[in-house]
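Read the structure below first, then the notes.
The values are calculated or read from the model by the stated rules, or taken from the named source; none is laboratory data. Since the model is a prediction, treat every value here as computed from it, not as a measurement. Neighbour counts are summed over all protein chains in view; Cβ atoms, including those assigned to glycine, are modelled from backbone coordinates with ideal geometry. For the accessible areas, the whole protein counts, side chains as well, though only heavy atoms, and no ligand, DNA or RNA atoms are used. Shrake-Rupley method; radii C 1.70, N 1.55, O 1.52, S 1.80 Å.
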Amino acid sequence: LIMSAQEIAQAFVQHYYTTRDTNPTALASLYQDGSTLTFEGTMVQGGAAISQKFQSIGPVKHQHKSMDVQPGPNSSYLVIFITGSVQIGGDNPLHYCHFFQLVSTGPGAFYVHNEVFRLNYGL
């Protein structure tokens, strides 16, 4: 069974946000040493550093509202763009944009190579 880019992205996004909101340390397995996260303008690299960054933020609750997906130059790459709202530490929800580039490691298996997260203020 071959999944479409849309199906892969939907499965990834569901898994990512559920895990991010409930057990962020478990996200480390989605990254490799060369993975890069830019969070609010701060860049960190590698699964361990990315996991530490998520833990430093504290408890969060995401609600994604939209998702756009594009295939890369071949089936080994996938780009995902998310918008939504996030509560950080129980505060009022803030709007955000979230970008992922997934890279295949084998049939149906991907890791996060690039990730950018930015809060949108004043919307």
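Quick one: in the range 84-99, which of the residues that are open to solvent by 40 Å² or more (accessible area, probe 1.4 Å) and assigned to a strand (DSSP E or B) is farthest from Gly41 (Cα to Cα)? Can you show your working first?
Going through the range 84-99, the residues open to solvent by 40 Å² or more (accessible area, probe 1.4 Å) turn out to be 87-95, 99.
Checking the rest, the ones that are also assigned to a strand (DSSP E or B) come to 87-88, 94-95, 99.
Values: Gln87: 19, Ile88: 17, Leu94: 17, His95: 16, Phe99: 13 Å.
The residue in question is Gln87.
Which of the following residues is in contact (Cβ under 8 Å) with a residue 12 or more places away in the chain, open to solvent by 20 Å² or more (accessible area, probe 1.4 Å) and not in a helix (DSSP H, G or I): Ser75, Ser29, Ser35?
Working: Ser29 fails: not in a helix (DSSP H, G or I); Ser35 fails: open to solvent by 20 Å² or more (accessible area, probe 1.4 Å).
After ruling out the rest, the residue left standing is Ser75.
In the range 38-47, which residue that is open to solvent by less than 40 Å² (accessible area, probe 1.4 Å) and among the β-branched types (Val, Ile, Thr) is farthest from Met3 (Cα to Cα)? Can you show your working first?
Here is the first cut: in the range 38-47, the ones open to solvent by less than 40 Å² (accessible area, probe 1.4 Å) are 38-39, 44, 46-47.
Adding the requirement that they be among the β-branched types (Val, Ile, Thr) leaves 38, 44.
Working: Thr38: 28, Val44: 31 Å.
Looking at the filtered set, the residue picked out is Val44.
Filter the range 1-17 for residues that are without any contact (Cβ under 8 Å) to a residue 60 or more places away in the chain and either farther than 22 Å from Ala109 by Cα or more than 11 Å from the chain's Cα centre (by Cα) (or both); which is most open to solvent (accessible area, probe 1.4 Å)?
Looking at residues that are without any contact (Cβ under 8 Å) to a residue 60 or more places away in the chain and either farther than 22 Å from Ala109 by Cα or more than 11 Å from the chain's Cα centre (by Cα) (or both), I get Leu1.
Name the residue that is nearest to Asn114 (Cα to Cα), counting only residues in the range 1-26 that are part of a helix (DSSP H, G or I) and of a type in the set (Ser, Thr, Tyr).
Tyr16
Sort out which residues of the range 107-123 are at pLDDT below 90 and either in contact with a helix residue (DSSP H, G or I) (Cβ under 7 Å, 6 or more places away or on another chain) or surrounded by fewer than 11 Cβ atoms within 10 Å (Cβ to Cβ) (or both), and write them in order of number.
Of all residues in the range 107-123, those at pLDDT below 90 come to 107-108, 121-123.
Matches in the range 107-123: Pro107, Tyr121, Gly122, Leu123.
Does the range 48-72 hold any residues that are of a type outside the set (Asp, Glu), open to solvent by 40 Å² or more (accessible area, probe 1.4 Å) and free of Cβ contacts under 8 Å to residues at least 24 places away in the same chain, and which are they?
Of everything in the range 48-72, those that are of a type outside the set (Asp, Glu), open to solvent by 40 Å² or more (accessible area, probe 1.4 Å) and free of Cβ contacts under 8 Å to residues at least 24 places away in the same chain turn out to be Ala48, Gln52, Lys53, Ser56, Lys65, Ser66.
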